[in-house]
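What follows is a single structure, written as structure tokens, with notes after it.
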Amino acid sequence: MKLTAVELRRISLPLVAPFRTSFGTETTKDALLVRAVTPDGEGWGECVAMGAPLYSSEYIDAAEDVVRRFLLPRLFAAGDVTAGQVAHLLAPIKGHPMAKAALEMALLDAELRAAGQSLATFFGAVRDRVPSGVSVGIMDTIAQLLDVVGGYLAEGYVRIKLKIEPGWDVEPVRAVRERFGDELLLQVDANTAYTLGDARRLAELDPFGLLLIEQPLAEDDLRGHAELAKRIATPVCLDESVTSARAAADAIALGACQIINVKPGRVGGYLEARRIAAVAAANGVPVWCGGMLETGIGRGANAALAAGPEFTLPGDVSASGRFYARDITEPFVLDDGHIRVPTGPGIGVDVLADVLADVTTAVETVRG
């Protein structure tokens with residue numbers, strides 16, 4: 001299809017509560033939304049880059065700049081373009097997978113809306129709702145943590161993920177296990193906060209029967225993860241390390257992971273995310289869909305991805321209310337511990353114009 005214009009929209013959404021991880025605390029979600037305009041309609045994408053380069057080297061201001069100055073000119077110059085061509089057309093620009101993913105997502109949404117096909121159907125979804133896990137940030141006290149976890153379980157979440165860091169790991173996990181029992185699906189996420197020298201400490205998590213420990217070491221330390229996997233019984237899951245299907249294949253071959261967290265924005269888009277899931281499935285490695293505090297746009301797309309046959313573990317597709325008092329789409333809500341997969345054309349969600357106007361901080365339209 002012909003890309004005639006792209007709207008770059010910055011929004012700021014307050015979180016219902018601060019979200020603390022090993023690399024910082026977020027109180028608002030500042031996001032870049034991309035609206036692709038074609039003769040046949042429009043499509044929406046969401047860039048998941050954070051405000052500062054802490055989770056990855058990308059950050060939102062740089063993402064907006066690279067989209068405007070380097071990525072869009074290439075897409076406009078291509079004439080008729082499909083979502084499947086985006087990665088190839090933008091490959092000469094090194095890095096910036098989150099920015100590229102937002103553009104691919106907008107074009108894919110536009111294509112599928114024009115064709116009247118849902119993203120879930122496009123992905124080969126095998127379920128109409130997906131089990132919902134929730135990510136719990138680092139708290140000031142264990143008592144506070146137990147209250148928060150108890151609240152999420154009362155809401156119906158089927159899996160709990162605890163953020164951990166040195167000094168906040170074994171004791172909070174022990175407290176959650178003791179309070180809520182061995183039947184609770186429980187996992188932890190370190191966001192690269194440890195080194196291989198912490199293997200003995202991380203092995204102290206083994207008795208708690210965790211589903212996995214996510215990204216304990218640095219993202220470029222595949223050999224370290226492979227060695228750690230030999231020293232602990234808890235399955236190692238990679239997040240930041242898996243940047244492509246090739247990286248996933250390398251990690252699996254090295255024995256660096258037993259599970260993979262697939263985040264479309266981190267890997268350059270939903271099409272590469274599907275390739276990663278296929279590589280993992282071919283090697284018997286379970287995958288699940290992670291989250292980046294997405295608005296309803298990204299949340300709807302993640303639900304569609306998580307409904308695919310390769311995704312066998314509960315992901316981070318939580319209810320909108322986990323993070324936002326008001327979302328920019330109709331809110332996603334828990335249904336017996338699950339999130340319903342959108343069935344409408346494209347991503348299957350519509351932006352609420354009044355809410356979008358309230359949270360918008362800047363808008364720019366770039367024309368081809």
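The values are calculated or read from the model by the stated rules, or taken from the named source; none is laboratory data. These figures come from a predicted structure and were not determined experimentally. FYI the Cβ positions are ideal-geometry reconstructions off the backbone, even for glycines, and counts take in every protein chain you see.
Is at least one residue of the stretch 256-267 more than 17 Å from the chain's Cα centre (by Cα), buried (at least 20 other Cβ atoms within 10 Å of the Cβ), part of a loop (DSSP other than H, G, I, E, B) and at pLDDT 95 or above?
Yes.
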Original post:
Here are some residues: GLU272, GLU227. Which one is charged (D, E, K, R), out of contact with any Pro (no Cβ under 6 Å at 6 or more places or on another chain) and surrounded by fewer than 20 Cβ atoms within 10 Å (Cβ to Cβ)?
Top reply: GLU227
Original post:
Considering ARG200, ARG177, which residue is assigned by TED's automatic domain parsing to the domain that holds PRO314, in contact with a strand residue (DSSP E or B) (Cβ under 9 Å, 6 or more places away or on another chain) and part of a helix (DSSP H, G or I)?
Top reply: ARG177
**OP:** Given the conditions (1) surrounded by fewer than 23 Cβ atoms within 10 Å (Cβ to Cβ); (2) outside any loop (DSSP other than H, G, I, E, B); (3) not basic (Lys, Arg), report the number of the one that GLY51 does not fulfil.
**Re:** (2)
Original post:
Are any residues in the stretch 1-39 of a type outside the set (S, T, N, Q), assigned to a loop (DSSP other than H, G, I, E, B) and under 24 Å from THR192 (Cβ atoms), and if so, which ones?
Top reply: PHE23
Subject >> Conditions (1) within 18 Å of ASN302 (Cβ to Cβ); (2) part of a loop (DSSP other than H, G, I, E, B): number failed by GLY133 >> reply: (2)
Subject >> the stretch 114-131 residues that are surrounded by fewer than 12 Cβ atoms within 10 Å (Cβ to Cβ), paired with ones that are among the small types (Gly, Ala, Ser) (beta carbon under 6 Å, 6 or more apart) >> reply: GLY124/GLY308
Subject >> Residue identified as in a loop (DSSP other than H, G, I, E, B), at pLDDT 95 or above and in contact with a Phe, Trp or Tyr (Cβ under 6 Å, 6 or more places away or on another chain) among GLY284, GLY344, GLY348, GLY308 >> reply: GLY308
